[in-house]
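Got a structure for you, questions after.
The values are calculated or read from the model by the stated rules, or taken from the named source; none is laboratory data. None of the values given here were measured: they were computed from a predicted structure. Note that we place each Cβ from the backbone using ideal geometry, even for glycine, and neighbour counts take in every protein chain shown. Only protein heavy atoms, including side chains, enter the accessible area calculation; ligands, DNA and RNA are left aside. Shrake-Rupley method; radii C 1.70, N 1.55, O 1.52, S 1.80 Å.
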Amino acid sequence: MQLNDVESRLLDVFEAILEHPVSREVNRQSDGAWDSLRHMQLVFAVEAAFPVQFGEEEIPRLNSFRDFLERIGDPNAPSTHQ
Amino acid sequence: MAASGDVALEKAEWQDILFQAVPDRLALAKLKPKWPCREMVVHVHRNHAFEPLVLAGQAYFRYADLAPRFLYGGYDDSFTFDWAKGHPADLELIWIDARRYAEAGADFSLGEWFRARLVALRAQSAAPILVVAIPPAPAVREPLALAAHGLAGVHVAELGELAQQLGERFNDLRAARYTGTCLGDLALILLAREMACRWIPAVLGPRVKAIAVDLDHTLYDGVLGEERGGVHLTAGHVELHRQLLHCRKNGLLLALVSRNEEIDVRGLFRLRRDFPLRWADFSATAIGWGDKAEGVRAIARDLNIGMDAILFVDDNPGELALVAARVPGVRTLHAKADPRGTLAGLAHAPGVWRWERSETDALRAADLAAERERKRQQLAVADPEAYLRSLHVHLQVDVRPRPHLKRLQELSQKTNQFNLAMRRLTEAELERYFLDPDGRVASIRLSDRLSDSGVVGIVAGRRRGNDLFLEEIAISCRALGRGLEDVMLAAATQALVRGWECSRVMIAHRTGPRNAPARNWLMRLTGEPLEAEGQVDAGSALGRIDMAQYPVRVEICN
């Protein structure tokens, strides 16, 4: 399956911040490098790379690649929020 | 391990990312160095999180060749420092959010409390102390700066300019809950830039002593001597010239390294009255068609400084790589096509920025010009001794040199050639000599009719019983070459033992990378070979030096 531009750029951000290769399935629980410090780094880096700003309350709910992707507004991203 | 030339090329590319007004967050995160960095231990005493800055600003530390190991105490509003007691560090960092004391009550004085905390930290550590306080308001910085006043080796960072630049973006209150600090992402990045490229190198060195700049496409657009095009000075170049002049005023020496004909270059500076930089502003030049590595070496020889004290600036990455590969330790800066890029790189070139301008900094360029004049006149006279007399050399030995503490520390830290024990004393370590009743310190000031060289020497030690143990002797390279070492050290020793019966004067020595001149002096003085490290009794040899034989006026200030 081809990655679209947004996904590809977002993966780029994730890999730069987490400092290792990641897949679209990466999430906060499964990735040991994704601690609270890196979490804020991800938030800041995604905000710098995309026209998006996260609210204080939603920051702790961004727990996976897909959460970020959905919030950025990619129409192909399946929702992970229940 | 990357070769020096490759490192210079990589750093030239990094400049484009690191020194943007607003650095690209992602590009910054992707910068991974491949060169060795200097390891150091930094104790972080904090009441808000420092870790986000480390993570955000890694690339800046690596660009400055620093690999700090940050050791953290717990969050502590009382700043007790207990956790660090007994563990040596290269730097003590106080990272304080002063808003946490806003409700401390009317009796609480931030300045008085902080002064007591600094005194407590100084009592347990001789390492330099760096204070970074938020919010960046004068109401916070001023009492803290006042609290630090007079304490050796304490520096309080000024964040006003950064706060003005960032405005509301300085803080990001959303993040405070998760990162433990209210500082915004960009503030963290830019603070890391200040810390890595300015504050820490200015405290721990090594400092840049000279900036060697290329001409064509660096100080102006175009190529000198080309019939078409010519030389264009843009507004950005004017600003670059002014920044270099500012560096010169702060004690850095300027040098020219250019592939051109010297006659053309002199003509250029004579004719172009719009150049803020003048020919006379350059303390050394290497102009010709040879390779620039040899030019930079010649500059180092001419200025009598180490090659690692030179920042070489050139628009041609190939030249940067060549010079870096052939001149060990030299630092490089890529002059960008847009001079504002060069300016940004120069403003943050590690080792260039200073906490303050010292008296010696102000004297340096004039003193160097005077030294040239001395050498020129000396060659022209038949009787060198008569010439030395005509200079009216004045040596002033001060045995209470506490006001010169910063300069004495600088001499201990920076002097390589005439440095006997290579102890590299910090300000706080030096201060201990002043506080110890048995401590003995002398400063040596040198002047003649051509220039005032300022304080050029330090002799520090302790009295033990009837013996004087000299633990640190350093003389600036600017005072060497005039045959005055014997009289300087005889006068300093005599001043230190005045008023008591001294049996022995033990001089500590240690082999350093470049201190052969000092060791040779000690061997010649005592007539004995030296071990790699140890101490020798030089009391009788120093006592035999007949100061009256020297055409020098010696003044001892008690």
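Out of curiosity, is residue B:414 crowded, with 19+ Cβ neighbours inside 10 Å, charged (D, E, K, R) and either at pLDDT below 90 or under 15 Å from residue B:472 (Cβ atoms) (or both)?
Considered against the rule, which asks whether it is crowded, with 19+ Cβ neighbours inside 10 Å, charged (D, E, K, R) and either at pLDDT below 90 or under 15 Å from residue B:472 (Cβ atoms) (or both), residue B:414 comes out as yes.
I'd like to know if region B:66-81 contains one or more residues that are within 17 Å of residue B:95 (Cβ to Cβ), within 14 Å of another protein chain (Cβ to nearest Cβ) and surrounded by fewer than 21 Cβ atoms within 10 Å (Cβ to Cβ).
Yes, region B:66-81 contains a residue that is within 17 Å of residue B:95 (Cβ to Cβ), within 14 Å of another protein chain (Cβ to nearest Cβ) and surrounded by fewer than 21 Cβ atoms within 10 Å (Cβ to Cβ).
Consider residue B:395 carefully, then state whether it is closer than 28 Å to residue B:558 by Cα and not in a helix (DSSP H, G or I).
yes
Are any residues in region B:82-95 without any contact (Cβ under 8 Å) to a residue 60 or more places away in the chain and open to solvent by less than 50 Å² (accessible area, probe 1.4 Å), and if so, which ones?
The answer is B:84, B:89, B:92, B:93, B:94, B:95.
Next question. Got at least one residue in region B:247-264 being open to solvent by 10 Å² or more (accessible area, probe 1.4 Å) and on the phi > 0 side of the Ramachandran plot?
Looking for residues that are open to solvent by 10 Å² or more (accessible area, probe 1.4 Å) and on the phi > 0 side of the Ramachandran plot, one finds none in region B:247-264, hence no.
Against the conditions (1) of a type outside the set (Val, Ile, Thr); (2) open to solvent by 40 Å² or more (accessible area, probe 1.4 Å); (3) in a strand (DSSP E or B), where does residue B:437 fall short? Just the number, please.
(3)
Residues being in contact with a Cys (Cβ under 8 Å, 6 or more places away or on another chain) and open to solvent by 20 Å² or more (accessible area, probe 1.4 Å): count how many of those fall in region B:464-496.
Number satisfying all stated conditions: 2.
Test each condition in (1) over 30 Å from residue A:20 (Cα atoms); (2) crowded, with 19+ Cβ neighbours inside 10 Å for residue B:120 and report the one that comes out false.
(2)
To continue, here is another question. Scan region A:12-34 for residues that are more than 10 Å from every other protein chain (Cβ to nearest Cβ) and either aromatic (Phe, Trp, Tyr) or open to solvent by 20 Å² or more (accessible area, probe 1.4 Å) (or both) and report the count.
Residues that pass the stated criteria total 14.
With the requirement that a residue be part of a helix (DSSP H, G or I), open to solvent by 50 Å² or more (accessible area, probe 1.4 Å) and within 14 Å of residue B:5 (Cα to Cα), what does region B:297-319 give you?
B:317
Quick one: which residue in B:116, B:152, B:175, B:126 is of a type in the set (A, V, I, L, M) and at pLDDT 95 or above?
Step by step, each of B:116, B:152, B:175, B:126 is checked, and only B:116 is of a type in the set (A, V, I, L, M) and at pLDDT 95 or above.
Name the pairs whose Cβ atoms lie under 6 Å apart, with the first residue in region B:440-451 and without any contact (Cβ under 8 Å) to a residue 60 or more places away in the chain, the second among the small types (Gly, Ala, Ser), and 6 or more positions between them or separate chains?
B:440/B:461; B:441/B:460; B:442/B:492; B:442/B:495; B:444/B:457; B:444/B:492; B:446/B:453; B:446/B:479
Looking at region B:452-461, can you tell me whether even one residue there is over 27 Å from residue B:530 (Cα atoms), open to solvent by less than 30 Å² (accessible area, probe 1.4 Å), touching a Ser or Thr at 6+ places or on another chain (Cβ under 7 Å) and small (Gly, Ala, Ser)?
Yes, the conditions are met somewhere in region B:452-461.
Here's another thing I want to ask about it. Any residue in region B:91-101 that is more than 14 Å from every other protein chain (Cβ to nearest Cβ), in contact with a helix residue (DSSP H, G or I) (Cβ under 9 Å, 6 or more places away or on another chain) and among the aromatic types (Phe, Trp, Tyr)?
Taking every residue of region B:91-101 in turn, at least one turns out to be more than 14 Å from every other protein chain (Cβ to nearest Cβ), in contact with a helix residue (DSSP H, G or I) (Cβ under 9 Å, 6 or more places away or on another chain) and among the aromatic types (Phe, Trp, Tyr).
Among the listed residues B:141, B:169, which satisfies the condition of being at pLDDT below 95 and more than 14 Å from chain A (Cβ to nearest Cβ)?
Going through B:141, B:169 in turn, the sole match is B:141.
Going by what's in this entry, would residue B:322 be described as open to solvent by less than 30 Å² (accessible area, probe 1.4 Å) and either more than 19 Å from residue B:237 (Cα to Cα) or among the aliphatic types (A, V, I, L, M) (or both)?
So residue B:322 fails the test.
Return only the number of the condition from (1) away from chain A (no Cβ under 14 Å); (2) within 27 Å of residue B:97 (Cα to Cα); (3) touching a strand residue (DSSP E or B) at 6+ places or on another chain (Cβ under 9 Å) that residue B:51 does not satisfy.
(1)
Turning to a different aspect of this structure: Look through region B:512-537, keep the residues that are touching a residue at least 40 places away in the same chain (Cβ under 8 Å) and assigned to a loop (DSSP other than H, G, I, E, B), and return whichever of them is least open to solvent (accessible area, probe 1.4 Å).
B:515
A follow-up question, please. In region B:16-55, how many are buried (at least 21 other Cβ atoms within 10 Å of the Cβ), within 26 Å of the chain's Cα centre (by Cα) and not in a loop (DSSP other than H, G, I, E, B)?
Total meeting the criteria: 6.
If a residue counts only when it is modelled with pLDDT of 95 or more and not charged (D, E, K, R), which helices (runs of 4 or more DSSP H) contained entirely in region B:320-392 have at least 3 such residues?
Ranges flagged: B:339-347.
Something else now. List the number of the failed condition for residue B:270; all other conditions in (1) more than 18 Å from residue B:237 (Cα to Cα); (2) open to solvent by 50 Å² or more (accessible area, probe 1.4 Å) hold.
(1)
In region B:258-278, which residues are more than 25 Å from the chain's Cα centre (by Cα), under 21 Å from residue B:247 (Cα atoms) and not charged (D, E, K, R)?
Within region B:258-278, B:258, B:269, B:275, B:276 meet the criteria.
Looking only at region A:36-65, count how many residues are more than 10 Å from chain B (Cβ to nearest Cβ) and either modelled with pLDDT under 90 or open to solvent by 50 Å² or more (accessible area, probe 1.4 Å) (or both).
Here the count works out to 3.
Of the residues B:428, B:421, B:492, which is within 24 Å of residue B:544 (Cα to Cα) and not in a loop (DSSP other than H, G, I, E, B)?
B:492
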